[in-house]
Amino acid sequence: MADVKKMAIVVHSGTLDKAYPPLMLAAAGGASDLEVDIFFTFWGLNLLKKKGLKRAKLPGAWRMGTSLMRVMIKRTGMASLPELLEGILGTGKVRLWACTATMDIMLVKKKQLIPEVTGYMGAAGFLDIAADCDIQLFI
Amino acid sequence: MADVKKMAIVVHSGTLDKAYPPLMLAAAGGASDLEVDIFFTFWGLNLLKKKGLKRAKLPGAWRMGTSLMRVMIKRTGMASLPELLEGILGTGKVRLWACTATMDIMLVKKKQLIPEVTGYMGAAGFLDIAADCDIQLFI
Amino acid sequence: MADVKKMAIVVHSGTLDKAYPPLMLAAAGGASDLEVDIFFTFWGLNLLKKKGLKRAKLPGAWRMGTSLMRVMIKRTGMASLPELLEGILGTGKVRLWACTATMDIMLVKKKQLIPEVTGYMGAAGFLDIAADCDIQLFI
């Protein structure tokens with residue numbers, strides 16, 4: 001039983017366009033028995049805050065176009081970020097990790113994060129997981 | 001014959017500075033018998049549009065410096081992005097995939113994309129390919 | 001003795017927030033016997049310039065907040081970027097590579113780079129290393 005594939009993703013960005021890929025990949029992975037660990041660090045930690053996914057914006061000059069982008073996404077029938085998260089947690093194959101160094105630096109308390117967070121760890125903990133994965137991505 | 005190395009790249013950005021690395025890596029890989037699959041998603045899909053590579057700009061505040069950057073690149077004898085693409089397609093080792101979710105959201109039609117596109121797929125299709133690769137990068 | 005894990009990282013960005021992850025991962029990796037090769041390309045090459053790590057700024061609109069971020073990082077007891085670099089070089093497990101194409105394009109001379117640079121190479125050289133690694137990240 002050595003053939004379960006595993007994926008480790010670092011989410012460093014906190015913008016809407018960079019939040020979709022890890023959640024879409026986790027949804028696709030969880031649906032096909034891939035084990036997925038997602039490590040939220042730096043700006044990415046904002047996505048684990050309560051209402052964080054709901055408030056994610058497009059980056060830089062596109063920021064003002066965020067509402068329009070949400071409409072265009074909804075029009076296709078694609079899930080919103082909070083709906084995607086709910087779906088991937090339902091697979092039981094996806095774990096969400098908060099970066100402890102980022103929490104220290106940005107003064108983020110555990111109670112500010114969503115209760116679905118699996119746990120808290122630093123770079124060494126992530127590396128331990130990633131080294132045994134088949135796919136690693138830094139987003 | 002199990003020893004052909006494979007690389008899967010996600011191109012999420014559409015800027016000139018992020019367009020060079022996947023094409024340079026694909027050129028280097030294709031020249032040394034590496035199989036390369038590149039998946040163009042979100043802003044990256046713009047690079048698969050007709051004249052998309054030719055129109056790619058530097059990001060944010062550097063945007064105004066794009067023409068100068070092109071001159072500096074040309075001065076070294078390095079290929080332009082369209083020339084690089086032509087070269088990597090000539091190796092027969094590189095495949096270009098357009099993200100169907102992005103096409104839906106951004107209302108992009110197949111006829112707007114260059115004819116060299118290998119095919120169209122979503123996150124699940126990309127994961128199937130990536131899970132069997134030796135190298136995966138998200139750019 | 002085939003079980004030493006290896007990691008290859010491309011550093012494409014030159015901003016403070018993107019400089020920490022490769023150095024933190026290299027520090028954690030070097031401390032646990034992981035071999036680490038970091039390839040600095042495009043904007044990332046600036047981090048290999050003398051005083052480059054010291055001068056790294058936050059990106060775009062956050063640029064003005066760089067000094068504050070440095071204070072918040074220091075407050076937690078976390079190392080500065082130059083201190084981190086010194087630490088990872090001390091492990092003897094981490095190699096720093098400068099991208100030759102970037103040096104050509106941006107007119108960067110070897111004497112402008114820190115003497116700790118391990119060597120100089122292009123995309124093909126990096127691919128050779130990366131293809132034999134357990135973890136590859138593009139930052």
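Read-outs throughout are calculated quantities, based only on the coordinates presented, and are distinct from any laboratory measurement. Since the structure is predicted, the reported quantities are computational estimates derived from the model, not experimental observations. Cβ atoms come from the backbone with ideal geometry, glycine included; neighbour counts cover every protein chain shown.
What trypsin sites (Lys or Arg not before Pro) in region B:39-117 are in a loop by DSSP, with at most 13 other Cβ atoms within 10 Å of the Cβ?
Details: sites: B:Lys49, B:Lys50, B:Lys51, B:Lys54, B:Arg55, B:Lys57, B:Arg63, B:Arg70, B:Lys74, B:Arg75, B:Lys93, B:Arg95, B:Lys109, B:Lys110, B:Lys111; in loops: B:Lys50, B:Lys51, B:Lys57, B:Lys93, B:Lys109.
Passing sites in region B:39-117 are B:Lys50, B:Lys51, B:Lys109.
Shape of the protein assembly as shown from its Cα gyration tensor (a ≥ b ≥ c, root eigenvalues): rounded if a/c is under 1.5, otherwise prolate when a/b > b/c, or oblate? Don't jump to the answer; show the numbers that get you there.
On the way: a/c = 1.21, a/b = 1.00, b/c = 1.21.
It comes out rounded by the Cα gyration axes.
Each label was represented as a point 7 Å from its Cα along the Cα-to-Cβ direction; for A:Asp3 and A:Glu116 these points are 3.1 nm apart.
Could you compute the net charge surrounding A:Ile139? Neighbours are other residues with a C-beta less than 15 Å from the C-beta of A:Ile139; K and R count +1, D and E count -1. In short, 0.
Mind checking the dipole of region B:4-139: about its Cα centre, +1 per Lys or Arg Cβ, -1 per Asp or Glu Cβ, Debye to the nearest 20?
Values: 18 positive and 11 negative charges, 173 e Å.
The calculation lands at about 820 debye.
Evaluate region A:58-139: find the radius of gyration of its Cα atoms, find its Kirkwood radius, and give the ratio Rg to Rh. The partial results should precede the final answer.
Working: Rg = 16.0 Å, Rh = 15.6 Å.
Rg/Rh: 1.03.
Applying 1/(1 + (r/R0)^6) with r as the Cβ-Cβ distance of B:Met78 and A:Lys50 and R0 = 30 angstrom yields a FRET efficiency of 0.05.
Remind me, relative contact order of region A:52-125 in percent, using alpha carbon pairs under 8 angstrom and six or more residues apart? Before the final figure, lay out each step's value.
On the way: 40 pairs, mean separation 17.5, N = 74.
Once divided by the residue count of region A:52-125, the mean separation gives 24 percent.
Seen from a random direction on average, the alpha-carbon convex hull of chain C projects onto 8.6 square nanometres.
Taking 8 Å as the Cα distance limit and 6 or more residues as the minimum spacing, I'd like the relative contact order of region A:1-50 as a percentage. Value for region A:1-50: 51 percent. Mean separation of Cα pairs under 8 Å and 6 or more residues apart, divided by the residue count, gives chain C a relative contact order of 36 percent. Between A:Val71, A:Val117, A:Val94, the GNM of chain A built on Cα springs shorter than 10 angstrom shows A:Val71 fluctuating the most. Each Cα pair of region A:29-99 feeds into the Kirkwood radius, which the Stokes-Einstein equation turns, at 25 °C and 0.890 mPa s, into a diffusion coefficient of 181 µm²/s.
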